[in-house]
Amino acid sequence: MSSSSSLPVAAVCQMTSTPDKEANFSTCTRLVEQAKEGGACMVFLPEGFDYIGSNREETLQLSESLDGDLISRYSHLARKLDVWLSLGGFHERGHDWKTDRRIYNSHVIINGQGELVSVYRKAHLFDVELTSKGVSLKESAFTVPGPRLVSPVQTPIGKVGLGVCYDLRFPELSSALRRHGAEILTYPSAFTVATGTAHWEVLLRARAIETQCFVLAAAQVGAHHPKRTSFGHALAVDPWGEVTGDCGGSDEALTLVQIDLQRLRDVRRDMPVQQHRRDQHFYCSLD
């Protein structure tokens, strides 16, 4: 990718988090440095970039607050390399941690000065029993759902709307972010192999097509511990729904994507879906 190109570059990363926070931090640092070398001005890390615990107790035990050690290390990294970071799913100790020992699944954006500019707390929690596929996860056992959407963030690659993983299945969220100016939607994830195989790419492309946004989805891949494995295939999709980057299904990797906002404007001009939408009352007229 030529450095002479004036288009901003985003890096979408894929990794295998374990319960070892130190090892995970080393992996993320390596990916961010590699992204910077490749010309990226914003780097997207997946849900659980900090760690993936092997049980509820460990998951809670390893959690931190936003002003703890880990986020300050990421702030330092962002500032040192002058890159923006999307930290796609941080285990954040809840506001009543001392009394209820519950956490948020928080998507944190840090700018190139190392400042924390936005935090979105995952709203839709993954409580799913797919007995035939051997998938059983109950995120609400230890996680508090986030109270609200957050406005898209102006970044060097465009206006980024924040989601996390399971939020991908709720088009109301992406259309609200689009209404409020999003040009890029993000779904940092740790999709299971069963649901990823069936739904991952088609959902990401659908969100891109219906909102006419770029969609960037960093992902976990492979075995985190004996009880949990993720699908991988961190993806970048353009506003026409074309996949422009795919990290594959097996290894730590990153994909570099140019964010061409003129392409986005062209797609929106040629098919002005947003203008064709009826008002909210229309869509509630059956209620």
Fraction of alpha-carbon pairs in the range 9-271 farther than 32 Å apart, rounded to whole percent, equals 14 percent
How high is the FRET efficiency between residue 284 and residue 227 when r is their beta carbon distance and R₀ equals 35 Å, given to the nearest 0.05?
0.25
Can you give the net charge of the other residues whose Cβ lies under 10 Å from the Cβ of residue 192, counting K and R as +1 and D and E as -1?
+2
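In the chain, which longest range has no trypsin sites (Lys or Arg not before Pro) that are both DSSP loop (not H, G, I, E or B) and surrounded by at most 12 other Cβ atoms within 10 Å? Can you show the working numbers first?
Working: sites that count: 148, 227, 278.
Segment 1-147 is the longest.
Considering all projection directions equally, how large on average is the shadow of the alpha-carbon convex hull of the range 54-182, in square nanometres? Can you show the working numbers first?
Values: hull surface 36.0 nm².
Spelled out: convex hull of the Cα atoms, projected over all directions, averaged, 9.0 nm².
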Over all Cα pairs of the range 131-284, the Kirkwood radius sets Rh, and Rg/Rh then becomes 0.99
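What does the charge add up to near residue 222, with Lys and Arg as +1, Asp and Glu as -1, over the other residues with Cβ less than 13 Å from its Cβ? Provide the component values of the computation, followed by the final result.
Numbers: positive: 228; negative: 251, 252.
Counting the neighbours of residue 222, the net charge comes to -1.
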Cβ-based net charge around residue 60, under 15 Å, with every Lys or Arg adding one and every Asp or Glu removing one:
-1
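At R0 = 22 Å, how high is the FRET efficiency between residue 180 and residue 266 if r is their beta carbon distance? Nearest 0.05 is fine. Mind dumping the intermediate values first?
Details: r = 21 Å, r/R0 = 0.97.
Calculated value: 0.55.
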Just to confirm the filter: which GluC sites (Glu not before Pro) across the range 182-287 are DSSP coil and have at most 13 other Cβ within 10 angstrom of their Cβ?
242
The chain: antiparallel bridges as % of DSSP beta bridges, rounded to 5, reads 65 percent
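Ranked by accessible surface with a 1.4 Å probe, highest first, in what order do 29, 16 come?
Details: 29 25, 16 50 Å².
Greatest to least solvent exposure: 16, 29.
Under Stokes-Einstein, with the Kirkwood radius over Cα pairs standing in for Rh, what whole-number D in µm²/s applies to the range 163-209 at 37 °C and 0.692 mPa s?
On the way: Rh = 11.0 Å.
The estimated diffusion coefficient comes to 298 µm²/s.
Give me the Kirkwood hydrodynamic radius of the range 19-81 in Å, from all C-alpha pairs, to one decimal place?
Working: mean 1/r = 0.0789 Å⁻¹.
12.7 Å is the Kirkwood radius here.
The values are calculated or read from the model by the stated rules, or taken from the named source; none is laboratory data. Only a predicted model underlies this, so the values are computations on that prediction, with no experimental measurement involved. Quick reminder, even Gly has a Cβ in these numbers, built from the backbone with ideal geometry, and neighbours come from all protein chains shown. The accessibility values were calculated without ligands, DNA or RNA, using every heavy atom of the protein model including side chains. Shrake-Rupley method; radii C 1.70, N 1.55, O 1.52, S 1.80 Å.
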